[in-house]
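Step one of this worksheet: look at the structure below.
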Amino acid sequence: MGRGLDRGQGLSGGPTLTAPPAHASPRPRVRRWLTLGGLLSGPLAWLGAAYLGSLAVLLARAFFQRDELSNRLVTSPTLDNLHTVATGAVYRNTTVRTFGIAVVVTLVDLALALPMALYMAKLARPAVRRLMVAGVLMPLWASYVVKSYAWRALLDPVGGVLRKGLGASPGFGLAATTITLAYLWLPYMVLPIFAGLERVPDSLLEASSDLGARSARTFASVVVPMLRPAILAGSIFTFSLTLGDYIAVQFVGGTTQTIGLVIYHFFLGGDDLLAAAFALVPVIIMGIYLGVVGRSGALENL
């Protein structure tokens, strides 16, 4: 008699492949989701209740009024605060001024960040690149208030460093506000562009050079189009941070009024309902801007 087939062998005598079970146990996957949910429950609760919840309560107060006699909040909603903000010339001028400062700060940071990031990503040696990245990040380690005070000491038109050292200073005002905010938010523009440039293949630059394009033409026709999402991602930071800033404006702005500073003064004066109504303006501006930028894919570079 011939030898019988061994267990686990096929007709040809070779090993038989055993198929995996059709239905794997869902327990490991459920356990992973439960672990992830337990780790994220605290941060998500804090984000939802403390941050988004308080922001929603603040913005909701824009639709209410206080009784003139009792100073109590009237429960029936109204659009009077929004009408005051929309029709008041002071609020309109403040919005236009703040928007203009945010645009200028973003453009200044872009002009400074492009050559810095290009050198860091494509030209600098690894040791120099690490030093430059550390130099870009180092200002973020210092206190925001300390840096604002430092710029106040530099720009003071009477006894500032520029006045004593160079004999001239822009003083306090729009120029000082733009310079200070451009310095404060520059790292937030450099880092996304630097990350975008690192993803640009060197072979594209070499191919452009082989085809006879000069460095300026290569940068304008090859690099900049590929950096568009990274530039927009950086502009989200610089534009939004400038739009809502009020501390640096107090130090170097002089008599310049911005949206954040006006809201701050409203809260100090006890008019929190009008402050909440005016706070809707930057929220709406940034909502529109994020909607436009989101279609370009720039949010993936954040």
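Structure data summary
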read-out: Criterion (small (Gly, Ala, Ser), in the same structural domain as ALA121 (by TED's automatic domain parsing) and closer than 30 Å to TYR264 by Cβ) met by exactly one of SER235, SER221; value: SER235
read-out: Condition check for VAL104: surrounded by 13 or more Cβ atoms within 10 Å (Cβ to Cβ) and under 28 Å from LEU280 (Cβ atoms); value: yes
read-out: Residue count for segment 154-163, restricted to those that are in contact with a helix residue (DSSP H, G or I) (Cβ under 6 Å, 6 or more places away or on another chain) and either closer than 17 Å to THR242 by Cβ or not in a loop (DSSP other than H, G, I, E, B) (or both); value: 4
read-out: Lone unmet requirement of (1) in a helix (DSSP H, G or I); (2) within 22 Å of LEU280 (Cα to Cα) for PRO115; value: (2)
read-out: Some residue of segment 87-96 being part of a loop (DSSP other than H, G, I, E, B) and either within 21 Å of SER240 (Cα to Cα) or not aromatic (Phe, Trp, Tyr) (or both); value: yes
read-out: Matching option when the condition is touching a residue at least 24 places away in the same chain (Cβ under 8 Å) and in the same structural domain as LEU227 (by TED's automatic domain parsing), among LEU162, LEU154, LEU131, LEU118; value: LEU118
read-out: Test: residue in segment 119-130 that is within 18 Å of ALA230 (Cα to Cα) and basic (Lys, Arg); value: yes
read-out: Whichever residue in segment 46-55 is surrounded by 11 or more Cβ atoms within 10 Å (Cβ to Cβ) and of a type in the set (A, V, I, L, M) and, among such residues, is nearest to VAL283 (Cα to Cα); value: LEU55
read-out: Qualifying residue in segment 175-197 (condition: exposed (fewer than 13 other Cβ atoms within 10 Å of the Cβ) and assigned to a helix (DSSP H, G or I)); value: no
read-out: Of the criteria (1) of a type outside the set (Phe, Trp, Tyr); (2) without any contact (Cβ under 8 Å) to a residue 60 or more places away in the chain; (3) in a helix (DSSP H, G or I); (4) surrounded by 13 or more Cβ atoms within 10 Å (Cβ to Cβ), which one THR78 fails; value: (3)
read-out: Test for PRO28: is it at pLDDT below 75, assigned to a helix (DSSP H, G or I) and not assigned by TED's automatic domain parsing to the domain that holds TYR264; value: yes
read-out: Single unsatisfied condition, PHE194 versus (1) over 30 Å from the mean Cα position of the chain (by Cα); (2) closer than 19 Å to LYS122 by Cα; value: (1)
read-out: Test: VAL200 is aliphatic (A, V, I, L, M), more than 20 Å from the chain's Cα centre (by Cα) and under 22 Å from PRO115 (Cβ atoms); value: yes
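The values are calculated or read from the model by the stated rules, or taken from the named source; none is laboratory data. Nothing here was measured: the structure is a model prediction, and the numbers come from that model. When we count neighbours, we look across all protein chains shown, and the Cβ atoms used for this are built from the backbone with ideal geometry, even at glycine.
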